[in-house]
Structure formats: structure tokens, C-alpha cells
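J.: Before I ask anything, here is the structure I am working with.
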Protein chains: 2
Amino acid sequence: MFGAYWTPKILGEVNDSFVKVFKAKGEFVWHSHENEDEFFLVIKGQLRIKLKDTEIILNSGEFFIVPKGLEHLPYAPDEAHVLLFEPKGVINTGGTPSDKTVENPEWI
Amino acid sequence: MFGAYWTPKILGEVNDSFVKVFKAKGEFVWHSHENEDEFFLVIKGQLRIKLKDTEIILNSGEFFIVPKGLEHLPYAPDEAHVLLFEPKGVINTGGTPSDKTVENPEWI
């Protein structure tokens, strides 16, 4: 559909935010975003978001907003497609750079 | 599902924006938002957005971003459910107040 797992692509800009999509499978990395809330809406499949003390399970059509500063670990048992809404400057891995970091997402 | 047609309800806040949903049927009103882009994602049914020189047809799972300043008329031949993403201060009828104006959307 749109390339590698955990690689957000930009669909459009809405004021100071981007609408992005990404394909998920397996585990991402624990991270947080110091100043930005992130909106996740599952388009296909199931996305799970581990928090320190609980776990959010999102099926297609369901959403969750990760508030700024909250440590979270997105993962997907099987392939899932997810829409993201977040401020333009957000880096996918937040304050935890790794080989999964995408500094400049592509537009599609 | 969530009350009257063309009455946006707030699902959550993401930084300076609200995520809203509304139920559409029939015509809304021609209007524009001077300073805000609006993101529309159709969840169920079909939403059409008339622009001055064309018409956007959005089926379930499809989205469109109405850029700031652009006159638009949303309408739905049959009932549709739509997710909206826009800055907190946006009034649904923009610069064209009417009996469809919702000044302070409810949270659900």
C-alpha cells in the first residue's frame, strides 16, 4: 500500500498539522513527544498501544489520542493501516531516536 | 448516532485542534473559514462538497481538506457520518452565521 512498516507518509496539511498514514506490523519503540498530542485512527487491522500501566486496543474505525509527554509503544500483531494527525514538527520516535526514526516523511 | 444533522460534536482535543464528528443529510450552507483549513473524513455514507467550480465526492474512507478562505457547500444526498479535524476556534458556518451555526459544540 505505502511502503515500509512504521514509515509515516504525509497525505495533507491542515493548518499547523499533517495528516499522515503508516503501515504497522510488529513492535515500534517506546517513546514520547514532549510537546505534542498525537491522534491515531485505525483504518485497517488492529493497532495496540502499550502505555506504562495499560494497553489500548484499537480496531478499524477506532481512535486514540496519546497526550503529550506520555510514554507509549505502538505495536500490531498483524499488518494494520493507521491515520495520524499531529503537528508538522513531530518526529515519529519522539525523544528516542533509533533506526526507526523518519526525520522527513515523504508526501504521497 | 449523535443527534441532529450538521451539529458537530467534539470527540477529543489534539494540540490546538478538535476532532469532531457530525451527521450530514441534505444541504448545509455556503461558507468559508478565513484562517482555518478543515479536514473532512467520511466514516459512513457519502459526503459531497460543492466548490465554486467543481464538486468533491467523498465515500466512506475518503477525505478532503478544504483550504482556508475557500467557499464550500457540504451536502449529503443520504445520511452520512463525517469526522472533522480543525482548529478549536472554528465555527461550523464560518463567516456566514445562520440557524445552522453551532457556537459551542458539545463533547461526546
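The values are calculated or read from the model by the stated rules, or taken from the named source; none is laboratory data. Because the structure is predicted, anything quoted here is derived from the model rather than measured. Every residue, glycine as well, gets a Cβ built from its backbone with ideal geometry; the counts of neighbours run over all protein chains shown. Just the protein is used for accessible areas: all its heavy atoms, side chains included, with ligands, DNA and RNA removed. Shrake-Rupley method; radii C 1.70, N 1.55, O 1.52, S 1.80 Å.
J.: Could you pull out every residue, at least 5 positions away or on a different chain, whose amide H is within less than 5 Å of the one on A:Val102? Hs are placed 1.01 Å off N in the peptide plane, and Pro or chain starts have none.
T.: Residues meeting the amide H criterion: A:Asn92, A:Thr93.
J.: How many Cβ atoms of partner chains, on average, are near each residue of B:19-25 if near means within 10 Å of its Cβ?
T.: Per residue, the number of nearby Cβ atoms from other chains is 1 on average.
J.: Please state the charge dipole magnitude for the protein assembly as shown, taken about the Cα centre, from unit charges on C-beta atoms (+1 on K and R, -1 on D and E), reported in debye and rounded to the nearest 20.
T.: 500 debye
J.: Counting only heavy atoms of the protein chains, get the accessible area per residue of chain B (1.4 Å probe) and round it to a whole Å² value. Provide the component values of the computation, followed by the final result.
T.: Values: 5050 Å² over 108 residues.
Normalised by residue count, the accessible surface of chain B is 47 Å².
J.: Short version: ³J(HN,Hα) in whole Hz for each residue of segment A:28-41, in order, from phi by Karplus 6.51 cos²θ - 1.76 cosθ + 1.60 (θ = phi - 60°), x for Gly and Pro, what are they?
T.: 8, 9, 4, 6, 9, 10, 4, 10, 10, 6, 10, 9, 10, 10
J.: Now, a different point. With a 1.4 Å probe on protein heavy atoms only, work out how much accessible surface A and B bury together, total over both chains, in Å² to the nearest 100.
T.: The contact between B and A buries close to 1300 Å².
J.: Summarise the accessible area of the protein assembly as shown (1.4 Å probe, protein heavy atoms) by the percent that is carbon and sulfur. Spell out each step's value before the answer.
T.: Values: 4990 of 10110 Å².
About 49 percent, which is the carbon plus sulfur part of the accessible surface.
J.: Of B:Lys23/B:Lys88; A:Lys25/A:Lys50; A:Lys9/B:Lys9; A:Lys20/B:Lys52; A:Lys20/B:Lys68, which sit over 24 Å apart, Cα to Cα?
T.: Pairs exceeding the cut-off: A:Lys9/B:Lys9; A:Lys20/B:Lys52.
J.: Shifting gears a bit: Put the label 7 Å from Cα along Cα→Cβ for B:Glu106; what are its distances to the other copies, in nanometres, shortest first?
T.: Distances to the matching label points in the other copies: 4.6 nm.
J.: With θ set to phi - 60° and the Karplus curve 6.51 cos²θ - 1.76 cosθ + 1.60, what are the ³J(HN,Hα) couplings of segment A:89-102 in order, to the nearest whole Hz, using x for Gly and Pro?
T.: Using θ = phi - 60°, the values come out as x, 5, 9, 4, 9, x, x, 10, x, 7, 5, 8, 5, 10 Hz.
J.: Next question. Per residue of segment A:75-81, what does 6.51 cos²θ - 1.76 cosθ + 1.60 with θ = phi - 60° give for ³J(HN,Hα)? Whole Hz please, x for Gly and Pro, Karplus curve as stated.
T.: 8, 9, x, 10, 4, 9, 10
J.: Can you list the residues of segment A:59-107 whose accessible area drops by at least 40 Å² going from the chain on its own to the full set of protein chains, with a 1.4 Å probe?
T.: The answer is A:Phe63, A:Ile65, A:Phe85 - residues whose exposure falls by at least 40 Å² when every protein chain is included.
J.: A further question follows. Roll a 1.4 Å probe over the protein heavy atoms and report the accessible area of A:Ile43 in Å², nearest 10.
T.: 80 Å²
J.: Within segment A:2-82, report the trypsin sites (Lys or Arg not before Pro) that DSSP leaves as loop and that have at most 11 other Cβ atoms within 10 Å. Mind showing how you got there, number by number?
T.: Working: sites: A:Lys9, A:Lys20, A:Lys23, A:Lys25, A:Lys44, A:Arg48, A:Lys50, A:Lys52, A:Lys68; in loops: A:Lys52, A:Lys68.
Here the sparse-neighbourhood loop sites are A:Lys52.
J.: Here's a follow-up. For A:Phe18, what residues show an amide H to amide H distance below 5 Å, using hydrogens built from the backbone and excluding near sequence neighbours?
T.: Distant-sequence amide H within range of A:Phe18: A:Glu86, A:Lys88.
J.: Evaluate the charge dipole of chain A about its Cα centre and quote only its size in Debye, nearest 20, assuming +1 on the Cβ of each Lys and Arg and -1 on the Cβ of each Asp and Glu.
T.: 260 debye
J.: May I pose another question? What is the diffusion coefficient of chain A in µm²/s, taking the Kirkwood radius over Cα pairs and the Stokes-Einstein relation at 20 °C with a viscosity of 1.002 mPa s?
T.: Values: Rh = 13.6 Å.
The diffusion coefficient I find is 158 µm²/s.
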